[in-house]
Amino acid sequence: MQIYKSGPALGEMADKFKHIPFLKSFGDQRLHEILNASRVVIYEPDDLIIPEGAFGDRLYVLISGKVRVIKQKNPVAVLDQVGELFGELSVLGDETRTASVFAIATTWCLELSPGFLQKLPEADRDACHALLYRYIAEVVARRLKKTTDELAMAVRELEVTRRKLAELRRGSEPKSWDNELDEAIIQLRRTKEKLAQIGRAADTGQAPD
């Protein structure tokens, strides 16, 4: 891990961060304040960014690179889009981290602690809190929708597989039984794995890979 810039030196780079959706919603002055209280951190491949089970209120914005989310030693998501958030749920309360996050490639992150908001004037503090929580809610809603869509697809695949097995039981040609049954079993295994991935993703609030 290497700290690239932090504090006022980072605040002076506000123009470079305006294109990131999460940050541009705050406006110029508030963005400057946010960056003054943040830092850009560079992680090398396999560096641990967030440890599962630890306490922490740091929110991370992906600037470049790629990270993997792992829960109980099971990979549940890969994030590689500029502006993606992770670690956002711990911002909402004194919760332990529900998953670990590792860098896959050289990764640049903006590390933000919501504690800085307490130092702002009351009007700005309330406005920033509202923007922060609204954006987190949008992120969680998008990930939930994707998980729901994946679940619906898995259910459809499972139903197709069940119908296929029912047809086989009603009477296929003996010579085709083995091949068709093997195909059905393979499909069941794929569906089972997809459902397992969705379940693990739902536990962390992340979208399945």
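The values are calculated or read from the model by the stated rules, or taken from the named source; none is laboratory data. Just so we're clear, the structure is a prediction, and the values are computed from it rather than from any experiment. Cβ coordinates were reconstructed from backbone atoms using ideal geometry, including for glycine residues, and neighbour counts include every protein chain displayed. Note: areas computed on protein heavy atoms with side chains; ligands, DNA, RNA excluded. Shrake-Rupley method; radii C 1.70, N 1.55, O 1.52, S 1.80 Å.
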Please tell me which of these pairs span more than 24 angstrom C-alpha to C-alpha: LYS16/LYS145; LYS5/LYS66; LYS5/LYS73?
LYS16/LYS145; LYS5/LYS73
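Computed from the mean reciprocal separation of all distinct C-alpha pairs, what Kirkwood hydrodynamic radius does the stretch 1-86 have, in Å?
Working: mean 1/r = 0.0708 Å⁻¹.
Every distinct Cα pair counted, the radius reaches 14.1 Å.
Can you figure out the FRET efficiency of LEU48 with GLU138, using R₀ = 25 Å and their beta-carbon distance, to the nearest 0.05?
Once the sixth-power term is evaluated, E becomes 0.35.
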What are the chymotrypsin sites (Phe, Trp or Tyr not before Pro) within the stretch 12-101 that DSSP puts in a loop, where the Cβ has at most 10 other Cβ atoms within 10 Å?
none
Extending each Cα 7 Å along its Cβ direction at MET1 and ALA152, get the distance between those two points in nm, one decimal.
4.0 nm
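Roughly how many Å² is the accessible area per residue of the stretch 1-40, as a whole number, for a 1.4 Å probe? Please list the in-between numbers first.
Values: 2220 Å² over 40 residues.
Here the residues of the stretch 1-40 average 56 Å² of exposed surface.
Given a cut-off of 25 Å, what percent of all Cα-Cα pairs of the stretch 1-153 lie beyond it?
Numbers: 3223 of 11628 pairs.
The proportion of pairs with Cα distances above 25 Å equals 28 percent.
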